[in-house]
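The values are calculated or read from the model by the stated rules, or taken from the named source; none is laboratory data. This is a predicted model, so every value here is computed, not measured. When we count neighbours, we look across all protein chains shown, and the Cβ atoms used for this are built from the backbone with ideal geometry, even at glycine.
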Amino acid sequence: MERSTSLRRKLTFAALFGSVLFIIGFTVFSFIRSYFLLNEIDSLENYSLNNITNRAEKYALREEERRLTVQNEAISNLLSTEFRQISEDVSMLRDTFVSFLEHPEKIQPRTLPNALYEDVKSETPYVHYSQRLLKNGLTQQLEKEIKAGSNIADLTPFFTDYYKCLFFGSESGYTIAEYVMNHTTDLVPVSKEPFRHTYDPVSRIWYQKGKDYEDTGFTDVYIAQTGDMTVSCISPYFVNGRFHGVMGVDCSPKWVSDLVKSIAVDEGDLYFVLSNKGEVLFVNFDSDIIKVTLGVDIRNSDEKSLAKIAEKMVEHKKGFDSVTISEKDYFVAYSPIKNVNWSFASLIPVEQVYAPSIEIKSHLLNIKDTYYSNLKNSIILVVFSTSVVVLLLLFFIFRRIIRLSDFIVNPIIRLTRDVNEFAEGNLDKRLQLDSHDEISNIAESFNSLAQKLQDNINDLSVISEQKKRLDAEVNVVNEILMNYLPDNFSILNKYGFDLFAKEYPAKSSGGDFYDFYLLDNQHVVVSIGDVSGRGVPSALFMMTSKSVIKSFCRMNSDLSLGDILYKANNCLHEHNTEQMYVALFICIIDLYTGRMEYVNSGHYAPYIYRAESGSGNFLTNERIDSIMAINANVSFHSNNTVLNPGDMLYMYTDGIISENSLKGEKFDEKKLTEAVLKAKENNMTSKEIVEFSYKSAVDFIGRDVFSDDVALLCLRRKQKCENK
């Protein structure tokens, strides 16, 4: 009761004292301020006007910077995407052309018009012999190669809508190409002099650069045979592992203009494209400074601000800055175009950015003049009227203040008492107020919060108990799986082999596995596999698949490995009601001769190291068969190789090459084999190689928990076994 009286007194005193103080202060202040107001109003309005104008200019600049930057990056990203698509087209054409040259027996020979002897028109695939080739002699083997490669003409028409020229230049001196001229009746350049009798692909700029590339890449802009500015996407190609030539496509820099116009940009937007040498490749506005001229580096321009911006663009930086061109000021946004060493820039005149703020300033000046004249006549009337209204309000407050204090204080006291009871542990306590105001809303909100808190505590107890049971079940499954894998790695020691394998399970049970066992005193079976899906079903299917394959290998040791998998696959398919599958690599190794018969059933190819050459490769040259258990009566094809003393076979599942680092980089097959080779060079054992390669993956991705299971197996043949 004392607290209620104290709060009521405070409210009453505060209301009365505040009202009286306000009246006195307002009256005194109004008369004093009225005296100075008219003298200060003009300076205040000028200050406000300048402040608003400055803020408008800053806002306009900020918005234009945002618009130009976003638009500029969107255009750069679009151009980067288009250049990436060009690279993918070139890679596809290259791989198809190489497949024709490596397997000429699988295709029909084809003869194309020879531009050295015939007049070849636009959009007609052709072949051209250089004088060097004719001098060295056109052998039967080379002629067979040219006719096989000419089948690429079946694909080139699909790309002529996008590229001016598609070409394949051989180290031997012949060229297979298709040109798109300005008119369909125009002859291609090599059907005209001087190119007809002087053209040799190895002397061209694109060929000389392409020999140094490892994969696809773009040339600088250069003048093509047609006299037009051209940039080429090129790639070297290799036949049976040996350099054979350079191929590519030609693109016109004008294509950049057409692509940019296809984006929703303002008609008045100005933009240009800069090469990595500071050359302007494209510009959509007239300028004596910025114009398309090969060999002219605008980093050397007399316009110092433009030269500074060009330097940043060549360094592939992005940003927003100001620049002066021909005594006119602009704002410029620039960003690099990925996949090529170009940069894209957008310009807007400074006066265009600030035009809205100038218009705002003019409008505010008109408002200021009107306001200033009306204020003089209104200020005294406003002060007097306000004083009368405040007096009337004070009289009303005196009459209502006592009732208002009781109305406010009593619900607060009840609310405080009930909340303290809830805080002391009575979770069933609910607040009951009928004031129908904000305090009542607080009580209802508190009741809702209390009920939700009570419900959440009950739900949390149930969920916690369920999680404990599920974690216990998953741990049991993982322990069973680990115990099911073989661990006697010493069974091959007496045969001169060093074997080690390890399973690194993820958080939940999965289907990765490895296996090894002796068929007899001369042969050992080694396999690695991955079952689809995750969880207990995949684990059970893995155990079933491993047992079935092992049983069929032992029962049918007189059959080829492909025939054994044929029978095992039918058995798995017959009982595969859940449509799961197994990707498997399996091999049978003669422990005395090192001969290895193997089948790859949809699995990642293992890595094999050859001691004789001091290098290694993936077993991808042979056929990879279908995955197991999905379809019945599937044929599997046996392949053969030999593990000589000093050789090594390294198997892995996809879990180790599927992870990204914190920077978004993938630990791929290249990084995995680099780790394996490093371990091999340090004369590590199979166990050390497995552990070192796994640690390399962990260090690269920055964590030791993988999202998928990882199975690794390493088999080294240390020496030849003589005694049977």
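Quick grid of which residues meet (1) part of a loop (DSSP other than H, G, I, E, B); (2) touching a residue at least 60 places away in the same chain (Cβ under 8 Å); (3) closer than 17 Å to Tyr129 by Cβ:
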residue: His183; (1), (2), (3): yes, yes, no
residue: Lys209; (1), (2), (3): no, no, no
residue: Asp212; (1), (2), (3): yes, no, no
residue: Asp215; (1), (2), (3): yes, yes, no
residue: Gln225; (1), (2), (3): yes, no, yes
residue: Tyr237; (1), (2), (3): no, yes, no
residue: Phe243; (1), (2), (3): no, yes, no
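If you filter region 272-310 down to residues that are charged (D, E, K, R) and more than 17 Å from Tyr330 (Cα to Cα), you find that the one that is nearest to the chain's Cα centre (by Cα) is Lys277.
Counting the residues of region 678-710 that are in contact with a strand residue (DSSP E or B) (Cβ under 7 Å, 6 or more places away or on another chain) and either modelled with pLDDT of 95 or more or of a type in the set (Lys, Arg) (or both) gives 8. In the set (1) hydrophobic (A, V, I, L, M, F, W, C); (2) in a helix (DSSP H, G or I); (3) surrounded by 14 or more Cβ atoms within 10 Å (Cβ to Cβ), Leu112 fails one condition alone, (2).
Listed residues Ser91, Ser30, Ser34; which is surrounded by fewer than 17 Cβ atoms within 10 Å (Cβ to Cβ), modelled with pLDDT under 75 and not aliphatic (A, V, I, L, M)?
Residue meeting the stated conditions: Ser34.
Just one of the numbered conditions (1) assigned to a helix (DSSP H, G or I); (2) over 14 Å from Ser601 (Cβ atoms); (3) touching a strand residue (DSSP E or B) at 6+ places or on another chain (Cβ under 8 Å) is not true of Thr544: (3). Only strands (runs of 3 or more DSSP E) whose full extent lies in region 598-661 are considered here, and the ones with at least 1 residues that are surrounded by fewer than 17 Cβ atoms within 10 Å (Cβ to Cβ) and among the basic types (Lys, Arg) are 607-610.
Residues considered: Val98, Val90, Val127. Of these, the only one that is over 30 Å from Gly319 (Cα atoms), in contact with a Leu (Cβ under 6 Å, 6 or more places away or on another chain) and among the aliphatic types (A, V, I, L, M) is Val127.
Quick one: is Glu722 surrounded by fewer than 17 Cβ atoms within 10 Å (Cβ to Cβ) and within 26 Å of Ile491 (Cβ to Cβ)? For Glu722, the condition - surrounded by fewer than 17 Cβ atoms within 10 Å (Cβ to Cβ) and within 26 Å of Ile491 (Cβ to Cβ) - is met.
The rows are residues; the columns are (1) out of contact with any Gly (no Cβ under 7 Å at 6 or more places or on another chain); (2) part of a loop (DSSP other than H, G, I, E, B); (3) of a type in the set (D, E, K, R); (4) modelled with pLDDT under 70.
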| site | (1), (2), (3), (4) |
| --- | --- |
| Asn377 | yes, no, no, no |
| Ile380 | yes, no, no, yes |
| Ser387 | yes, no, no, yes |
| Val390 | yes, no, no, yes |
| Ile402 | yes, no, no, yes |
| Ile408 | yes, no, no, yes |
| Asn420 | yes, no, no, no |
| Asn426 | yes, yes, no, no |
| His436 | yes, yes, no, yes |
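Find the residue count for region 153-182, including only residues that are under 17 Å from Gly210 (Cβ atoms) and not hydroxyl-bearing (Ser, Thr, Tyr).
Of the residues in region 153-182, 9 are under 17 Å from Gly210 (Cβ atoms) and not hydroxyl-bearing (Ser, Thr, Tyr).
Scan region 696-713 and tell me whether some residue there is in contact with an Asp or Glu (Cβ under 8 Å, 6 or more places away or on another chain), of a type in the set (Ser, Thr, Tyr), surrounded by fewer than 18 Cβ atoms within 10 Å (Cβ to Cβ) and within 24 Å of Ala605 (Cβ to Cβ). Within region 696-713, one or more residues are in contact with an Asp or Glu (Cβ under 8 Å, 6 or more places away or on another chain), of a type in the set (Ser, Thr, Tyr), surrounded by fewer than 18 Cβ atoms within 10 Å (Cβ to Cβ) and within 24 Å of Ala605 (Cβ to Cβ).
Might you let me know whether region 55-76 holds any residue that is in contact with a Cys (Cβ under 9 Å, 6 or more places away or on another chain) and in contact (Cβ under 8 Å) with a residue 40 or more places away in the chain?
Within region 55-76 (the criterion being in contact with a Cys (Cβ under 9 Å, 6 or more places away or on another chain) and in contact (Cβ under 8 Å) with a residue 40 or more places away in the chain), the answer is no, since none of the residues qualifies.
Restricting region 340-375 to residues that are among the charged types (D, E, K, R) and surrounded by 13 or more Cβ atoms within 10 Å (Cβ to Cβ), the residue that is modelled with the lowest pLDDT is Lys368.
Pairs linking a residue in region 597-616 that is in the same structural domain as Leu559 (by the TED database) and under 16 Å from Asn644 (Cβ atoms) to a residue that is of a type in the set (Gly, Ala, Ser) and surrounded by fewer than 18 Cβ atoms within 10 Å (Cβ to Cβ), with Cβ atoms under 6 Å and 6 or more positions apart or on different chains, are Ala611/Gly646. Within region 145-167, if we keep just the residues that are assigned to a strand (DSSP E or B) and in contact with a Ser or Thr (Cβ under 7 Å, 6 or more places away or on another chain), the residue that is surrounded by the most Cβ atoms within 10 Å (Cβ to Cβ) turns out to be Leu166. Being part of a loop (DSSP other than H, G, I, E, B), hydroxyl-bearing (Ser, Thr, Tyr) and at pLDDT below 70 is the requirement here; does Ser461 meet it? When the stated conditions are applied, Ser461 does not pass them.
From the list Lys121, Lys147, Lys135, which residue is touching a Lys or Arg at 6+ places or on another chain (Cβ under 9 Å) and at pLDDT 90 or above? Selected residue: Lys147, the only one of Lys121, Lys147, Lys135 that is touching a Lys or Arg at 6+ places or on another chain (Cβ under 9 Å) and at pLDDT 90 or above. The condition (being outside the structural domain of Ile586 (by the TED database), in contact (Cβ under 8 Å) with a residue 40 or more places away in the chain and within 22 Å of Gly602 (Cα to Cα)) is satisfied by just one residue among Thr673, Thr641: Thr673.
State which residue is nearest to the chain's Cα centre (by Cα) when the search covers only region 56-82 and only residues that are surrounded by 19 or more Cβ atoms within 10 Å (Cβ to Cβ) and among the hydrophobic types (A, V, I, L, M, F, W, C). Looking at residues that are surrounded by 19 or more Cβ atoms within 10 Å (Cβ to Cβ) and among the hydrophobic types (A, V, I, L, M, F, W, C), I get Leu79.
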